[in-house]
Amino acid sequence: MKNALIIVSILFLCSCKKDLEIKNPNTPSIDNFWKSGTDAQNGVNAIYSTFHRVGLARNQFFITIVRSDEAFSTSPNAVLINNFDVFNVTDYNLWETTTVWQDCYIGINRCNQVLDNVPGIDMDAAAKAKLIAEAKFFRGYFYYYLATYWGNVPVMLKTYLATDKPSTVQQPDVYAQCIKDFTEASQGLPASYTAADKGRATQGAAYGMLGKTYMQLRKYDLAATAFAWLTTGPGASNYSLVSNYRDNFTKAAENNSESVFEIQNLTNLSDNHDDDASGNPDNLNVGSSIPPFFAPRPIGFTDGQARRWCVWEFLKEKTTSGGRDPRLAASFLYDSTDERGPNFTLVYGQTFASRNYTVTSDDPIGVATTHTVYLRKFLNDASQNAEDFHSGNNYRYLRYADVLLLYAEALNAQGKTTDAYAFVNQVRHRAGLADLPSGLSQSQFLDQLKHERVTELSGEGHRWEDLARWNDLGTGLASRDAGFAHYTSRYLFLNIPQYDLDVNPNLKQNPGW
């Protein structure tokens, strides 16, 4: 009996050991993936899918838009209001920010897996070089985001291990990695794609991001060189301003000649409610869930809403034919999106007046406007009377108009103000505005550029980095955004999530936190 028990025990242990060693060949793993060109392509495609996670598809816009002086929150979520609107952060693991941090590092790890494994795959050399360049572009992109909003962050250039405990890297060094990645990507990416691959990162996107990185470092000569590739150099023929400004924000005109880099969103017709990967990592939403959070009630939740001063900027100047700047109606829904007023302004199929939104005439420049101004550029009101959590409207992250204004700023910063006029005037002409007055000094030209960037780019996610680059963040903004009365220098950067500090002793919290 004893011998029988021993034999049964041995057989049991052997069978367990054998079962544990059996690998399912149909389950993707490091051992059976990264074998073919198809694997390489799928690995790069996974990088693109990172933009459909909840941090990047929704929450990033609270960091980039609502936190700046161009917007505020009327969310019933008091934590959200206090953290983004009045600079009173108390939760160091705030979901609205930690999801963005996590998604950026998930994207970086996907890039690193490609860069670690694709070079060893036996495949077409040209295709391999392009895929490696795409991975470098996106690694630079994610680190640009982290450097701009968190400042001092860990930089990891290899596939992560569970035992890794990277140290904090200072913001200039993080930007240096972005520069390296964008520079190398610019040498391997194509200038354009056929229709089947529209929306993939291009050489122009790499040069555009390279220029943006140099701008944040205030290395204006190097920024100008990068932007010149798109404006006056080899890539200039690939880009132009579309005649209708509104085409930059509708599904019907995606991937047009003005798009330098565009996040591709597809309407998901399934019952998938959101873009959060939690519990369902293999069925991510392929769209964006930001529209309901910016749409006016009762269509949406209005967690993000525009400041009125932005409207006034558009009303400071008329077109050459005496009309209103057409970009105003494309940028905001308010009582006079239709110039005839609230009885004609349509908000998802109903008039502004019939929805009983607040109307007032206390505008300081004597033009009737409203306390209720909604951010319009990410909405789908042009094509439907409702919003959902899987919007197919692409996010045009980097437009040619943005590049033109940044190029002009870089030239002006070098004292080449006269040369900068032509690039600003291109943007103004599309809006029907006259040329800038000649003879502006360098400082006057910069002040004008600050106005031009509001009227061209409001509600697109660039305002915070503009304010940081100009050293304009501070309590001086409180006159148009009351939340900035509580701003202190520690809010220049977001706090490093406490989750990460708790498990990694090599990380350091940002100054003042």
- request: Filter region 244-267 down to residues that are part of a helix (DSSP H, G or I) and closer than 15 Å to residue 383 by Cα, then give me how many there are.
  value: 7
task: Would you tally the residues in region 208-240 being closer than 22 Å to residue 194 by Cα, assigned to a loop (DSSP other than H, G, I, E, B) and not aromatic (Phe, Trp, Tyr)?
output: 4
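Identify, please: which residue in region 492-513 is part of a helix (DSSP H, G or I) and hydrophobic (A, V, I, L, M, F, W, C) and is, among those, farthest from residue 309 (Cα to Cα)? So that I can check it myself, show each step before the final result.
Initially, region 492-513 is screened for residues part of a helix (DSSP H, G or I), giving 492, 498-503.
Those still in the list that are hydrophobic (A, V, I, L, M, F, W, C) too: 492, 501, 503.
Working: 492: 22, 501: 39, 503: 44 Å.
Per the criteria, the residue is 503.
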- prompt: Filter region 318-335 for residues that are modelled with pLDDT of 95 or more, part of a loop (DSSP other than H, G, I, E, B) and in contact with a Lys or Arg (Cβ under 9 Å, 6 or more places away or on another chain); which is nearest to residue 348 (Cα to Cα)?
  reply: 326
task: Please enumerate the residues belonging to region 365-402 that are modelled with pLDDT of 90 or more, part of a loop (DSSP other than H, G, I, E, B), within 13 Å of residue 290 (Cα to Cα) and in contact with a helix residue (DSSP H, G or I) (Cβ under 7 Å, 6 or more places away or on another chain).
output: 376, 377, 378, 379, 380, 387, 392, 393
- request: Among residues belonging to region 143-181 that are of a type in the set (Val, Ile, Thr) and farther than 23 Å from residue 465 by Cβ, point out the one that is modelled with the lowest pLDDT.
  value: 163
message: Name the single residue that is farthest from the chain's Cα centre (by Cα) among those in region 441-459 being closer than 15 Å to residue 307 by Cβ and outside any helix (DSSP H, G or I).
response: 458
field: Whichever residue in region 469-491 is touching a helix residue (DSSP H, G or I) at 6+ places or on another chain (Cβ under 7 Å) and assigned to a helix (DSSP H, G or I) and, among such residues, is modelled with the highest pLDDT
entry: 469
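The values are calculated or read from the model by the stated rules, or taken from the named source; none is laboratory data. All of these numbers come straight from a predicted model, not from anything done at the bench. All Cβ positions, glycine included, derive from the backbone under ideal geometry; neighbour counts span all protein chains shown.
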